[in-house]
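A.B. asks: Mind having a look at this structure? Questions to follow.
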Amino acid sequence: MKRKIIKQGHNTLTMTLPAEWSKKLNLKAGDEVDLVEDSGSLIINGKQNNGFKSTTIDITGLSVPMLWRFFQSAYREGYDEIKLKYDPNINDYDGVYNFYVNRFGYSQEKEGQTKKSVLDMISELVNRFIGMEVIDCGEGYCVIREMGDISSKEFDNSLRRIFLLILDLFDKMIDLIGKNKIGDMGICKTLYTMDINVDRFIDYCCRINNKIRDSSFQKNKPVMFSTLYIMELLGDEFKYMGTHLARSKKKVDEILDFAEKVKDHFEMYYHLFYKFDREKVIKFGENDFNIYNDHSKRNVSKNKDVQSLRSHLMQVSKFTFVLMELRIEMEF
């Protein structure tokens, strides 16, 4: 749509706001809107509280992975209320919290899958998402609603928490490798649980990123979402490494030095994210090149699990480099 610019006074230019848009956001004379300058564009954002959003998801027939994706997508998009519909005649569901670790991590132990009632399964699902609570249940449905308000401060705190949780994953992995803690399927569950905490805060940050519409968020929204997505993939690599440790029958401490280098690389990115410095970015690039050379020269081991660990650590290093690319983009 187009609008004509109206001159008022000597130096003031004005234009009218679209009536439908103003009505939708319940804007009145005297209300404030947020303006964001973006190169040749001027973005006008209405009130933060721009209406209650609700949606309904029919979970009948959905596998656990697909149920996660549907609910996660609605949560990240910022829906205030999510109603789940299900077949009341089915009351035998897989547990959602440890679904993957039970299917894959413990497969050799043949640990049985614990079936749950629909309400227990939904409670497990909802507890994974920060700020959401089950408020109503009836015949064939369950209503989940956000309890409380979100803010940019919560985003900052949660983002910092993601970095610290990933560093905890590094420390745990380095401890397992250095002490040759192998052959224990419990490693899978430990790392899986740690990664779930990373994912919880990533989802929460994505939700805030979509719901907050002020100028502090608008410019870097796409880049920030990409950053969160890559950090989620990076965290997943620790689960895969945990599987190799759990199934390994040979010592793996020969990979310790490389694991420590990759952790230092990520920690360098972490500090640069909050305090960008051109000279240190140059050192980061040199460090990335050195890690690649180290991997190329020593990517041979008689221990197949060591080879796999090295490959996953190299993937973590690649994700870290992509994260730095996104951070550099935020400077422009």
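A.B. asks: Being surrounded by fewer than 21 Cβ atoms within 10 Å (Cβ to Cβ) and among the aliphatic types (A, V, I, L, M) narrows it down to one residue among LEU169, LEU164; which is it?
C.D. replies: So the residue among LEU169, LEU164 that is surrounded by fewer than 21 Cβ atoms within 10 Å (Cβ to Cβ) and among the aliphatic types (A, V, I, L, M) is LEU164.
A.B. asks: For segment 65-80, name all the residues that are in contact with a Phe, Trp or Tyr (Cβ under 7 Å, 6 or more places away or on another chain) and buried (at least 17 other Cβ atoms within 10 Å of the Cβ).
C.D. replies: TYR75
A.B. asks: Please find, within segment 239-298, the residue that is surrounded by the fewest Cβ atoms within 10 Å (Cβ to Cβ) out of those that are of a type in the set (Val, Ile, Thr) and under 29 Å from ASP199 (Cβ atoms).
C.D. replies: VAL281
A.B. asks: Among the helices (runs of 4 or more DSSP H) lying completely within segment 236-332, list those that include at least 3 residues that are in contact (Cβ under 8 Å) with a residue 60 or more places away in the chain, touching a His at 6+ places or on another chain (Cβ under 9 Å) and assigned by TED's automatic domain parsing to the domain that holds LEU169. Outline the logic, then answer.
C.D. replies: Working: elements: 256-274, 278-298, 304-329.
In segment 236-332, 304-329 are the helices (runs of 4 or more DSSP H) which contain 3 or more residues that are in contact (Cβ under 8 Å) with a residue 60 or more places away in the chain, touching a His at 6+ places or on another chain (Cβ under 9 Å) and assigned by TED's automatic domain parsing to the domain that holds LEU169.
A.B. asks: Here are CYS137, CYS188, CYS142: which of them is in contact with a Ser or Thr (Cβ under 8 Å, 6 or more places away or on another chain) and either in a helix (DSSP H, G or I) or not assigned by TED's automatic domain parsing to the domain that holds HIS312 (or both)?
C.D. replies: When all the criteria are applied, what remains is CYS188.
A.B. asks: Kindly indicate whether SER317 is farther than 20 Å from LEU167 by Cα and either small (Gly, Ala, Ser) or crowded, with 20+ Cβ neighbours inside 10 Å (or both).
C.D. replies: no
A.B. asks: Another question, if that's okay. Kindly provide the set of residues from segment 9-33 that are charged (D, E, K, R) and assigned to a loop (DSSP other than H, G, I, E, B), ordered by number.
C.D. replies: If the condition is that a residue be charged (D, E, K, R) and assigned to a loop (DSSP other than H, G, I, E, B), then LYS28, ASP31, GLU32 are the ones that fit.
Residues are listed down the side, and each one gets a yes or a no for (1) of a type outside the set (Val, Ile, Thr); (2) modelled with pLDDT of 80 or more:
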| residue | (1), (2) |
| --- | --- |
| MET1 | yes, no |
| VAL33 | no, no |
| LEU67 | yes, yes |
| PHE71 | yes, yes |
| PRO88 | yes, yes |
| GLN108 | yes, no |
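The values are calculated or read from the model by the stated rules, or taken from the named source; none is laboratory data. Treat the numbers as computed from the prediction; the structure is a model and nothing was measured. Cβ: placed from backbone, ideal geometry, glycine included. Neighbour counts: every protein chain shown.
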